Amino acid sequence: MEIARIAVLVAVAVIGFLVYRHHAADPDPAPEAAPPGFLPPSRQNTRFAGPDPALHMAVSLASRGGWEPAARLLAATREERDWARRGEYVGAVGIAAVRPDGGEAAFVSAWEKAVGPDDPDLAAVRAEAVVRLAWQLRGGAWAEDTSPRRFRDFHGVLAASHEVIAHAVELAPQDPTPLRSELWAGIGRGRSHEEMRALWSRITALDPYHCGAHLDALQYWCAKWHGSRELATSFAREAAEGAPAGSLLTVLPLVAWFEHRPEEAKPAAFRTPGLTALVDAALVDVAAARPDHPRLAPTRHLLAYFLTQQARYPAAVEQFRLVDGHVNALPWRYFHDPAAAYCRTRDRAVRGGRRR
């Protein structure tokens, strides 16, 4: 009997250890079942921040060799001088233009064959694609964890990008989009503060309240690249203070805070009067923005995150409802599994709202 009792205790202990080990590996997994009216992790689109059927279709067809829909979309943004939307579209098509093996996607070659190499839309996509390729070759690891070969390939492609970007700028000197590609090349090449300020002056002369360009430039001034917490915060505050309502530039101070947050930020860190005021200002900006602003969905994602951290659950759920189904936005893309991170935070907001 004693032997049998010991065997049972050992079995229970083993089972308990296995259960503990399973849960310790993922202490807060995102359940596949979603709250009513929301989508589960498996149905979250990880390529886009929000719905844009025309862009989604164009990128999908480009991945299968069809360049015409993307070309039409980009031509329209150039003719309408809608630089904010053009930047988002060129970014999405530029990603599709780079094959996983680093080669050029078939639709780009077909596009050039049809219109020639001096088409300004094709040139903008190529400028974006070459910079995207460089960062793909570098990888997402910290510098100390990046191999010399990766750095060599990274800097080699960035050096080659200068001519590609210059060609795009020459073909459409009024378009700030290729200069955004130059911003990211400058981040990678470690351009000086003076050089980047000169580049920034060129961009803002073309479009002074370009939200996407401001977010790109903010990355340069962050401590993880070539600035500091103070420089990033100053850049973000100055841009937000001088911007018109609806430009969504009030999101910049929130991004600057997030990029420099404590490693394990406690709930209290998110609930200071200063940070609450920044969230409130962004909410006002979102309410004033036009419904088709290309940065509206990414801004809603970040607001949903901050509102949840501040236990402002009903307001967070309101933002989540407007973006659910798409997760390629800050902060989710900083997580290993963006869809799971998004759904965990969303479900927390939904549960918190029910308790009120």
Residue ID - farthest from LEU215 (Cα to Cα), chosen from residues in region 245-274 that are open to solvent by 60 Å² or more (accessible area, probe 1.4 Å), at pLDDT 95 or above and not in a helix (DSSP H, G or I):
ARG271
Taking region 118-148 only, how many residues are assigned to a helix (DSSP H, G or I) and either open to solvent by 60 Å² or more (accessible area, probe 1.4 Å) or among the acidic types (Asp, Glu) (or both)?
7
Every listed condition ((1) assigned to a loop (DSSP other than H, G, I, E, B); (2) within 22 Å of LEU179 (Cα to Cα); (3) without any contact (Cβ under 8 Å) to a residue 12 or more places away in the chain) holds for ALA76 save (1)
Name the one entry in ARG348, ARG321 that is in contact (Cβ under 8 Å) with a residue 12 or more places away in the chain, open to solvent by 60 Å² or more (accessible area, probe 1.4 Å), within 18 Å of ALA265 (Cα to Cα) and not hydrophobic (A, V, I, L, M, F, W, C).
ARG348
Just for region 32-45: of the residues that are outside any helix (DSSP H, G or I) and modelled with pLDDT of 95 or more, which one is nearest to ALA105 (Cα to Cα)?
ASN45
Give me a count of the residues in region 58-68 that are assigned to a helix (DSSP H, G or I) and either more than 17 Å from GLU128 (Cβ to Cβ) or touching a residue at least 60 places away in the same chain (Cβ under 8 Å) (or both).
3
Look through ARG180, ARG229, ARG197 and report the one residue that is among the basic types (Lys, Arg) and out of contact with any Asp or Glu (no Cβ under 9 Å at 6 or more places or on another chain).
ARG197
Kindly indicate whether HIS155 is open to solvent by 60 Å² or more (accessible area, probe 1.4 Å) and either touching a Gly at 6+ places or on another chain (Cβ under 8 Å) or among the hydroxyl-bearing types (Ser, Thr, Tyr) (or both).
yes
How about region 88-117: which of its residues are open to solvent by 50 Å² or more (accessible area, probe 1.4 Å) and over 21 Å from GLY156 (Cβ atoms)?
ALA106, SER109, GLU112, LYS113, ALA114, VAL115, PRO117
Of all residues in region 279-291 being under 20 Å from the mean Cα position of the chain (by Cα) and free of Cβ contacts under 8 Å to residues at least 40 places away in the same chain, the one that is surrounded by the fewest Cβ atoms within 10 Å (Cβ to Cβ):
PRO291
Residues in region 79-87: is at least one at pLDDT 95 or above, basic (Lys, Arg) and open to solvent by 30 Å² or more (accessible area, probe 1.4 Å)?
yes
Return yes or no: is ALA166 at negative phi and over 18 Å from the mean Cα position of the chain (by Cα)?
yes
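Might you let me know whether region 194-217 holds any residue that is among the basic types (Lys, Arg), open to solvent by 10 Å² or more (accessible area, probe 1.4 Å), modelled with pLDDT of 95 or more and under 25 Å from LEU330 (Cβ atoms)?
Looking for residues that are among the basic types (Lys, Arg), open to solvent by 10 Å² or more (accessible area, probe 1.4 Å), modelled with pLDDT of 95 or more and under 25 Å from LEU330 (Cβ atoms), one finds at least one in region 194-217, hence yes.
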Name the single residue that is farthest from ALA159 (Cα to Cα) among those in region 180-211 being among the acidic types (Asp, Glu) and in a helix (DSSP H, G or I).
GLU194
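Let's see how each residue does on (1) touching a Lys or Arg at 6+ places or on another chain (Cβ under 8 Å); (2) within 30 Å of ALA289 (Cα to Cα); (3) among the hydroxyl-bearing types (Ser, Thr, Tyr):
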{"residue": "LEU158", "(1), (2), (3)": "yes, no, no"}
{"residue": "HIS162", "(1), (2), (3)": "no, no, no"}
{"residue": "VAL169", "(1), (2), (3)": "no, yes, no"}
{"residue": "SER192", "(1), (2), (3)": "no, no, yes"}
{"residue": "ALA213", "(1), (2), (3)": "yes, yes, no"}
{"residue": "LYS224", "(1), (2), (3)": "no, no, no"}
{"residue": "GLU241", "(1), (2), (3)": "no, yes, no"}
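The values are calculated or read from the model by the stated rules, or taken from the named source; none is laboratory data. In this text, all values refer to a predicted model and were calculated from it rather than measured experimentally. Using ideal geometry, Cβ is built from the backbone for each residue, glycine included, and neighbour counts are taken over all protein chains shown. Ligands, DNA and RNA are excluded from the accessible area calculation, which covers all protein heavy atoms including side chains. Shrake-Rupley method; radii C 1.70, N 1.55, O 1.52, S 1.80 Å.
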